[in-house]
Each structure stands twice: as C-alpha cells, then as structure tokens.
Amino acid sequence: MATPVLNETPTQTVDAGAISALQAVLRGSVLDQSTSGYDDARSIWNAMIDRRPALIVRCAGAADVVQAVRFATANALPIAVRGGGHNIAGNAMCDDGLVIDLSQMKSVRIDRASRRAWVEPGATLADLDKEAQAFGLVVPTGINSTTGIAGLTLGGGYGWLTRKFGLTIDNLLSADVVTADGELRRASATEQPDLFWALRGGGGNFGVVTAFEFQLHQLGPQVLAGLVVHPFDDAERVLQDYRRIVASAPDELTCWVVMRKAPPLPFLPDAWHGREVLVLAMCYAGDVAEGEKATAELRKLGNPIADVVAPVPFAAWQQAFDPLLTPGARNYWKSHDFIDLSDDAVATLLKAVLELPGPECEIFVGNVGGAAGRVAADATAFPQRNARFVMNAHARWREPSMDNACIGWARKLFEAAAPHAAGTAYVNFMPADETDRVEKAYGQNYSRLSQTKRRYDPSNLFRMNQNVRPAN
C-alpha cells in the first residue's frame, strides 16, 4: 500500500513550547508572525507572492535543516524551501507551514588543485563567481547574479557558459541532501546514484540540499561580452541571419536575443529610450582575440544603434542584467523550448513585441545546445537536450491593476508559439499555475522520477515545487 500523501494544510496548531524546543536545538533562528523581521524574511523576488508561513527557520547549517524537517513532519506542517528566493513560481514561501530558509548558508570553498567548488545552498551566482574568478575558474551557471545557486542547479541551469561547459547539473559532482525522513545523505555517481540522478533537474522534489560539489573550469577573469542593440524595424532580418550564424557557431560563443522597450541605458541615445529594440547579448567563453573573430559576423548584422561588446571581467558580465531584474516588481513568465526558430515562430515573437503591455515586459530567446546538447536525455533528470533555443515571455510590472493585461499578454504569446515549439519546458521558468505541464516537461524521465520520489519522499512532503508526485 502506498504511503498516504500529507494534507495540503496543517492538521494541528504548534504550541509555543514546541517552538521554543526547536529553537533550543538550532544554531540558526526561528521566526513567527510576532517576530521582528518576519515580514522581511517572507519577502521574495516576485512581488506577486504574498504568503504568510507559520514559521520560518533560518538555518545556519545542515543540522538545522535536519531539525527543521523532523519538526515539520512531527507537527504535520507543509514545507517550503528558500534558497535565493528568485524562483518565478514563488515556491520559496508557503501559507501556514514551515519555511526552511537557507539564505544565511552562503559559504563557497574553492580547491584550485582539484578544480572543485563546495557551495552552500544560500549562495547566489555572484557569491560563487566572485570566489571562483579570483582563481580564473568558473562553474557554468545562469545570467543573473542574484539568482540562488540551489534553485538554478536543481532545475538544470542555463546560462552564458552552457554551450561550452554544459548545464550547471552537468558539472555537479555530489550533493549533501536532507531527505523526507530527516536523514542527511550524500548523493553522487557512486553513492545513492538514483537520488543523484533525480537531483540533476528534478527540482526540490527529493529533499533539501545543504551542500553542492561542482567541477570548475578555467575561464577569465576577462571574456569578450556585451550587447549589440538594433532598431526593432530590422528585427525580422536580424533574427533570420542570427539563427543561421548561431547554427554553426563554436561552443565558446553564446548569443541570446532580448526584445523589449529600450531602458535608459547610458550608451543609447535618448531618442531610443522607451522604443522597441532587439538586443543581441553575446559572450565568448575563450580567448578574447578568438572571440573577436567568432563574434564578427553577428556584429556586422544590420545597422545597430550601439555595439558595446568588449573585453570585460566575467563576474561583471554576469551582473549586466541585474538592474533589469531587481526585487519588488510583479513577475509572470511563460516559456517554450524550440528545436529551431522557424519563420512562423519568428513572426509570432515579433507580433508579441508590438503588443508589449508595459515598459519592463520583454521576450528573450536563449541560445543553448552545444555541450549541453551532447548529453543523453536519460543521463540526468533534465530531459530536453535537443532544444537549441529557450524562449521566455517575461511579463514584469509594478501595479496590481496591470495584472490581467501583463499575464494575459504572456499567456497569449505562449499559446500562439506552442505550434512551433518542442513541447518541453524548463522547470525553472514555469509559473505556479503550470502544474499540468510538469509531466510533459520531464517527458520520458517522469516515470523514473516518480519512482525515485516514492523511495525518498513517499508522502510528498516536498511538494512546494514543480511537483513530481510519488508513484503509486
């Protein structure tokens, strides 16, 4: 008989004595709704998320996580896990349950000789980059330095170095994880290999990771990177040439496309501020001189408004988009994977740009493949290895009165683009209302994930995520 799934809401009230007993065994702290700092602690990147957990346990180490999991189980409390708090779906918070807050666990340790990095789950990409780049080393991660390493890794990990070094999960060597039974386990290719397989793309479904061990690669500190900004009137022609060029580009070269109303960037003429533009954002993960040759054809396209591609510290390039993704705005995303950008797909994207509902809304097309595409679909839980592009309709706004317009725009684009897409999805880009897409997102790997879930979390304790339910 299958273990019954826990209730979606708490079944009992936790008394003050139990909370005091929990605090006594922690190095970290427990916050409740009467505690100073509670409201700050429940605030996360997406301002649409306004949840009020019963307790927030700010963990100082793995032992605190063990105690928190055991406490939640004993008191029938649902669990949410907070790393960087950057996830679009807002799964870092829950109502009336217990939040395991890892944001204080930010240690990064680099071993230059073995090219290994040990990273705690509260670290951001900036924390890891600053430590690793001091030695000219990198882990391939994302494109926004305020993103948490934990959520990014567990969902897969796309970014500027994906084509050269693979996804973040392709560089994960081991993980320490507290499973639903409150035990701390080590998962690697030789220890708990089924759990290790599931952690690489399966999200937070299988436990709370308290430490990641990554393979490091030599890169930087200087790379060739930057933006080329085009008038939107030239977008169709630029995109047609773009897809031809990147089809034969070396793995070292990654070029993403951003289409939006131009923000007031200092290198853009004032006349272009607030007007629709197409931006080619490129990074060459190798020798700068070779990068100049590899980016030349892309930089010759059309009649750009600005070209600010230049040698730059890699850690600085990782922060280039941070000002456009600060906390406090309302955000809603819809995403598709593409094998190719067909003419019809391009036309659909261009039409949506002309319908942008606000100045912070945008469409980006990530250029992936390369090394990540040469990993077998069943080698990790992350299955969509044949995607060459990932599209995100990023609706972002400030006033609740704009909710319907901005969410509606993203959903309309998603539906229009669906016939041209691969049918899979990147779980880190999926909002909370896409629970029906989870099985499709994992495709052929879903059954194995569900079986692994039954082994490590049969009662679905860890369900504040893009949830994989335990097999019957």
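Things worth noting here:
- Rounded to 10°, Cα long-axis angle of helix 288-299 versus longest principal axis of the chain: 70
- D (Stokes-Einstein, µm²/s), Kirkwood Cα radius, region 110-174, 0.692 mPa s at 37 °C: 281
- The helix-based estimate of mean residue ellipticity at 222 nm for the chain, built from -39,500 (n - 2.57) per DSSP H run of four or more residues and divided by its residue count, is -7500 deg cm²/dmol to the nearest 500.
- Each of HIS394, HIS420 has some number of other Cβ atoms within 10 Å of its Cβ, and from fewest to most they run HIS420, HIS394.
- For the chain, the longest piece that avoids every one of the GluC sites (Glu not before Pro) found in DSSP loops with at most 16 other C-beta atoms within 10 Å covers 9-182.
- Label point distance in nm, ALA310-ARG112, each placed 7 Å from Cα along Cα→Cβ: 2.9
- To the nearest ten degrees, helix 62-74 and the longest principal axis of the Cα atoms of the chain are 60 degrees apart.
- Dipole magnitude of the chain about its Cα centre (Cβ charges: Lys, Arg +1; Asp, Glu -1), debye to nearest 20: 600
- Pairwise Cα inverse-distance average, inverted: Kirkwood Rh of region 16-101 (Å): 12.8
- The calculated FRET efficiency for HIS273 paired with ASP241, based on their beta-carbon distance and R0 = 35 Å, is about 0.85.
- Electrostatic bookkeeping for TRP333 treats Lys and Arg as +1 and Asp and Glu as -1; over the other residues with beta carbon under 15 Å from its beta carbon, the sum is 0.
- Compared with the dominant Cα axis of the chain, that is its longest principal axis, helix 403-417 is turned about 70°.
- Exposure proxy for ASP127, ASP287: other Cβ atoms within 10 Å of each Cβ, ordered fewest to most, give ASP287, ASP127.
- Given the chain, longest segment not containing exposed loop trypsin sites (Lys or Arg not before Pro) (DSSP; at most 14 other Cβ within 10 Å): 113-274
- Under 12 Å from a label point set 7 Å out along the Cα-to-Cβ vector of ARG27, the amide N atoms of region 104-118 belong to 105-107.
- The ALA134 and GLU415 beta-carbon pair, evaluated with R₀ = 35 Å, returns a calculated FRET efficiency of approximately 0.15.
- Calculated on the Cα set of region 222-431, radius of gyration then Dmax: 16.8, 50 Å.
- Derived from the Cα gyration tensor, the three semi-axes of the equivalent ellipsoid of the chain are 37, 24, 21 Å, largest first.
- Cβ-Cβ FRET estimate between LYS293 and THR326, R0 fixed at 25 Å, reported to 0.05: 0.10
- ARG374 paired with ASP15, simple spin-label distance in nm, labels 7 Å along Cα-to-beta-carbon: 6.3
Values quoted throughout were computed directly from the atomic coordinates according to the rules given, and no laboratory measurement underlies them. Everything numeric in this text was worked out from a predicted model, so none of it was measured. All Cβ positions, even for glycine, are placed from backbone atoms using ideal geometry, and neighbour counts span all protein chains on display.
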